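Structure first, commentary second.
Every number here is computed from the coordinates shown, using simple stated rules; none is lab data. All of these numbers come straight from a predicted model, not from anything done at the bench. FYI the Cβ positions are ideal-geometry reconstructions off the backbone, even for glycines, and counts take in every protein chain you see.
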Amino acid sequence: MRRLLIIAALLLVPSAASAQVKIVIDAGHGGNDPGGVGTGMQEKNVVLDVTKRFKALLEADTADTAGGGKWTALLTRSNDTFVTLAARSAYSNNQDADRFMSIHSNAFGDTSANGTETFSYTGTGTSAQLRNLVQTEMLSAWGLTNRGSKTANYAVLRDTAAPAILHELAFITNATDAAKLGSPTERQKAAVAHLRGLQRSYNIDPYVPGVVPQDDTGEIAGRVVEGTTPIVGAMVALEGGTSVLTDAEGKFVIAEAAAGAHTLTASADGYVTATVDVTVASAAREEIEIVLVPTDRTGEPPEIEGDASGGCASTRGSGLGMLLLGLFALRRRRRA
């Protein structure tokens, strides 16, 4: 009898696959706090629109049984109201959220500042994993300058119990970035990028609800390594502009790559850039591993530091070098 009761109790516990994941989505600023202002837009309005689109996608993903995940999506604000930073974290904590995702746009006095960046409180763990995935998906969606995945002591990251990230879409003060921020089509792409990053963080194959996969596309997935060691944050670029960053395991995914032959370029600080060819089949995934070699193994000479006077080292030379240059110049004059 006892065994039957235990079995019955286990049957009543929802499985990980069937349980809904609670996501709190935070639109930065609001009300009397416009956030960044520039190019005729206010940050509070831009990010509210993106968060609403993200919420709608999560709800559609839950309703779509063909793929994706199951989510409960909550907003810290659903209209143009001011919510304190403490209230945002408290709301997420009171809801016992599984993830907290805050969306902002950047601003700066120098209008040349541009690009996309994502923050977490620490550089490791679930928050950092989600941060890296969202950053990768946004770079692929918008193709703006990669400002990197970073850590920051922001209140909503520090005081929120759930794994939390804060994403800066782009610079509202930069004309190129603002073209993305001001476009409903691009805002939808940003919402989809957040959905895909979240899905990947839960090991769910990226899936956009209601979108029928095209037969003429496939996926490229793989790893970037040095020997057997994964390289984190390497940039993998597909010809035509699509680019992604590798995650903590050195992995990357480029979705919806056109079927056919492609060239991939992988680069990372301190490594020689590598270019490889890959062929993608329709409705299939092509697996690939890209090996990068550190620059100090290529035989390239190290850079020479300038002296304290600020002179350029590349225009100076050793005594022997200057002597050889003098002899070469003398020979040229004699031939003349």
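Structural remarks
- Order of S267, S92, S140 - criterion: other Cβ atoms within 10 Å of each residue's Cβ, fewest first: S267, S140, S92
- Three principal axis extents describe the C-alpha atoms of region 18-201; from largest down they are 47, 35, 32 Å.
- Ignoring lysines fewer than eight residues from K70 along the same chain, the ones with Cα atoms less than 25 angstrom from its Cα are K22, K52, K55, K189, K251.
- Charge tally for P206 (other residues, Cβ to Cβ under 10 Å; Lys, Arg +1; Asp, Glu -1): -2.
- Shape index of region 217-296: Rg/Rh, with Rg the Cα radius of gyration and Rh the Kirkwood radius from the inverse mean 1/r over Cα pairs, equals 0.96.
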